[in-house]
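Accompanying notes for the structure given below.
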Amino acid sequence: MSYLLSVTSSTRGDQSWSNRVLRAFLESFVAQHPDLDCRERATLEVPHLDLSAQRAGRIPVADQSPQEAAAFALAAELTGELEQASALVLATPMYNWGPPSSLKAWIDHIVNVQTFYRPSGLLHGLPVTCIVASGGFYSEGTNVAHDHLRPLLREIFSRIGVDDVAFIDCDPTGPMDRGLLDPNDPTSGFQRALAQVPAAASRRR
Ligand SMILES: Cc1cc2nc3c(=O)[nH]c(=O)nc-3n(C[C@H](O)[C@H](O)[C@H](O)COP(=O)(O)O)c2cc1C
């Protein structure tokens, strides 16, 4: 059975806004595609690339020695689960104007010989939804120029052959975390994000 791959990267568990929007996305996705499973990958458990993994990630799979194949094993697993998915949803906070380092580690594993240097083409048609939560308002207005997270995600996915990327913006989360704005208020970043969920979750391949 094929599946929706859900990638999470907040450290805040149930308190996380990106995870809360993700929960709504998963409910909507399951309701719209009851024939698909869901799989989760937490980037907090993904280690940074070490030297042997960096080197192995550029060597064509057929040419890898047993040691290089072992060093490439995690990248192969992460890439394989992405290539086999029917859809990807990625929930992430903005940390210091970019991605959390654990999400960057996941990215560094999935950009490799199989997806970039000698692409398999298996990511064509994969719908990707990125749920982005930030304390400040970065999805519109003057702060957009300081948002290095969405441009990075767009660049990465386009480089590895993904041609359908949508964003669900959950911002600003700061006023909700500080109790200054009720998350149920229709103008809150949370409610505006929830409104974007059904259409994004309708996509699959
Ligand atoms: C280390 C760190 C860096 C952060 N950097 C930014 C930032 O650059 N811009 C911003 O608007 N919010 C920033 N925040 C706030 C988070 O983006 C905000 O709390 C968001 O809701 C976190 O996502 P989550 O609720 O899914 O955990 C930062 C928070 C942390 C912990």
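Counting only residues 5 or more places away or on other chains, whose amide H sits under 5 Å from the amide H of PHE167 once H atoms are built in the peptide plane?
Result for PHE167 returns CYS130.
Helix 17-32 against the longest principal axis of the chain: what's the angle in degrees, Cα atoms only, rounded to the nearest 10?
80 degrees
Can you sort MET176, MET1 by solvent-accessible area, 1.4 Å probe, largest first?
Working: MET176 15, MET1 145 Å².
Most to least solvent-accessible, the answer reads MET1, MET176.
Compute the projected area of the convex hull of the Cα atoms of the range 48-115, averaged over all viewing directions, and report it in nm² to one decimal place.
Values: hull surface 20.1 nm².
Across all orientations, the range 48-115 yields a mean hull projection of 5.0 nm².
Keeping the other protein chains in place, figure out the carbon and sulfur percent of the accessible area of the range 3-201, with a 1.4 Å probe. Please report the intermediate quantities before stating the final value.
Numbers: 4950 of 9270 Å².
Exposed carbon and sulfur together represent 53 percent of the surface.
Cα axis of helix 73-83 to longest principal axis of the chain: angle in degrees, 0 to 90, nearest 10?
60 degrees
Along its three principal axes, how long is the range 137-205 when you only count alpha carbons? Whole Å, largest extent first please.
Each principal axis gives a Cα extent; for the range 137-205 these are 41, 30, 17 Å.
Can you tell me the relative contact order of the range 3-201? Whole percent, Cα pairs under 8 Å, sequence separation 6 or more. Working shown, then result.
On the way: 337 pairs, mean separation 49.5, N = 199.
RCO, the range 3-201: 25 percent.
Using heavy-atom solvent-accessible surface (probe 1.4 Å) with all chains present, what is the largest-first order of LEU44, LEU82?
Values: LEU44 100, LEU82 0 Å².
I get LEU44, LEU82, largest accessible area first.
Tell me the trypsin sites (Lys or Arg not before Pro) within the range 39-122 that lie in a loop according to DSSP and have at most 15 other beta-carbon atoms within 10 Å. Don't jump to the answer; show the numbers that get you there.
Details: sites: ARG39, ARG41, ARG55, ARG58, LYS104; in loops: ARG58.
Filter output for the range 39-122: ARG58.
Helix 101-110: angle to the longest alpha-carbon principal axis of the chain, degrees 0 to 90, nearest 10?
40 degrees
Go ahead and estimate [θ] at 222 nm for the chain from helices alone: -39,500 (n - 2.57) per DSSP H run with n ≥ 4, summed, over the residue count, rounded to 500. Please report the intermediate quantities before stating the final value.
Numbers: 9 runs with 76 residues, N = 205.
Result for the chain, helices only: -10000 deg cm²/dmol.
Rolling a 1.4 Å sphere over the protein heavy atoms, what is the accessible area per residue of the range 97-201, to the nearest Å²?
In whole numbers, the range 97-201 has 45 Å² accessible per residue.
Suppose a student asked you for the relative contact order of the range 1-115, using Cα pairs under 8 Å spaced at least 6 residues apart; what percent would you report? All intermediate terms of the calculation are to be shown ahead of the outcome.
Numbers: 152 pairs, mean separation 48.3, N = 115.
After rounding, I find 42 percent.
For the range 86-163, compute Rg over Rh where Rg is the Cα radius of gyration and Rh is the Kirkwood radius from the inverse mean 1/r over Cα pairs.
Numbers: Rg = 13.3 Å, Rh = 13.4 Å.
We get a ratio of 0.99 for the range 86-163.
Relative to the compact globular guide of 2.2 N^0.38 Å, what is the alpha carbon radius of gyration of the range 3-201, as a ratio? Write out the running numbers ahead of the final one.
On the way: Rg = 17.4 Å, N = 199, 2.2 N^0.38 = 16.4 Å.
Relative to the rule-of-thumb radius for its length, the range 3-201 sits at 1.06.
The values are calculated or read from the model by the stated rules, or taken from the named source; none is laboratory data. For clarity, every value in this text was computed on a predicted model and none was experimentally measured. Ideal geometry is used to build each Cβ from the backbone, glycine not excepted, and the neighbour counts take in all protein chains shown. SASA here: full protein model, heavy atoms, side chains in, ligands and nucleic acids out. Shrake-Rupley method; radii C 1.70, N 1.55, O 1.52, S 1.80 Å.
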